[in-house]
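Written out below as structure tokens is the structure these notes cover.
Every number here is computed from the coordinates shown, using simple stated rules; none is lab data. Please read all numbers here as calculations on a predicted model, not as lab measurements. In this analysis, Cβ positions are derived from the backbone assuming ideal geometry, glycine residues included, and neighbour counts consider all displayed protein chains.
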């Protein structure tokens, strides 16, 4: 608008003020929301917000951070915890997925150093195989261990089952043809999640979680969030 048109608009009747200020106010709120990472489809969504009685959350990346954190370490066949982490970190060093980053973070927290890998083969959806000198290291899921015919001791399987009931997941580490142990991974709840859930509960809103994860980890998260 030019100067004359702007002045004419400002001096218009009350009805015209409402027509102009209404959309500008909506755009302002949409802009403020976007600064906090909130994407709103259109202004009508804001108008309907007061009628919302149910909120549905995505789990990973919304209520929890994308990267989990390492919980307990379970070792077997004579290996020690630091050895297990060194093997796992060496295998995952060049990977960028959340599980690899969690393992590397734990190894760094313990001040561990790991050798560079000589050869690696990534099995999508299962795990990774790397060569360290004369040793073949396998890091991955229980299905990967079964596929590679790596025997898992009964006590490790029992700990895995107990962990699943608590909502944890596991990564297994095998050295040559023998299991070295398992790394327990726990979801990292976003710092602000509990505060937001508590606020919505005070407003008597119903809340649900949608997740592609197993039921027990999702249920455990819901319990922790209240």
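Ratio to report: Rg/Rh of region 115-171, with Cα atoms as the point set and Rh obtained by the Kirkwood method; give two decimals. Write out the running numbers ahead of the final one.
Numbers: Rg = 13.1 Å, Rh = 12.6 Å.
Across region 115-171, the Cα-based Rg/Rh ratio is 1.04.
Averaging sequence separations of C-alpha pairs under 8 Å and six or more residues apart, then dividing by the length of region 81-133, give the relative contact order as a whole percent.
Working: 55 pairs, mean separation 17.4, N = 53.
It comes to 33 percent, rounded to a whole number.
Quick one: compute a quarter of the convex hull surface over the Cα atoms of region 43-114 and quote it in nm².
Mean projected area of the Cα convex hull: 8.0 nm².
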Region 69-186, Kirkwood Rh and Cα Rg, ratio Rg/Rh at 0.92
In nanometres, the difference between 0.36 nm per residue of separation and the alpha-carbon distance of residue 215 and residue 178 is 10.2 nm
In a Gaussian network model of the chain with springs linking alpha carbons closer than 10 Å, the residue among 130, 55, 142 that fluctuates most is 55
Note on the chain, DSSP bridge orientation, antiparallel percent to nearest 5 equals 80 percent
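Tell me the mean residue ellipticity at 222 nm calculated for the chain from its helices only (DSSP H runs of n ≥ 4, each -39500 (n - 2.57), averaged over every residue, nearest 500). Display every interim value, and only then the final one.
Details: 9 runs with 99 residues, N = 226.
Estimated from H runs of four or more residues: -13500 deg cm²/dmol.
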Most exposed first, judged by fewest Cβ atoms within 10 angstrom, 131, 50, 141, 34 run 50, 34, 131, 141
Restricting to Cα pairs under 8 Å and 6 or more apart, the percent relative contact order of region 69-186 works out to 31 percent
Computed over the chain, the relative contact order (Cα-Cα under 8 Å, seq sep at least six) in percent reads 23 percent
Ordered by fewest other Cβ atoms within 10 Å, a rough proxy for footprinting exposure, 82, 42 read 42, 82
Between the modelled labels at residue 165 and residue 196 (7 Å from Cα along Cα→Cβ) the distance in nm is 3.2 nm
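Sort 214, 69, 204 so that the residue with the fewest other Cβ atoms within 10 Å of its own Cβ comes first and the one with the most comes last.
Numbers: 214 12, 69 16, 204 7.
By the 10 Å Cβ count, ascending: 204, 214, 69.
What translational diffusion coefficient, to the nearest whole µm²/s, does the chain have by Stokes-Einstein, given a Kirkwood radius computed over alpha-carbon pairs, a temperature of 20 °C and 1.002 mPa s viscosity? Intermediate results must be reported in sequence, preceding the final value.
Details: Rh = 21.3 Å.
The estimated diffusion coefficient comes to 100 µm²/s.
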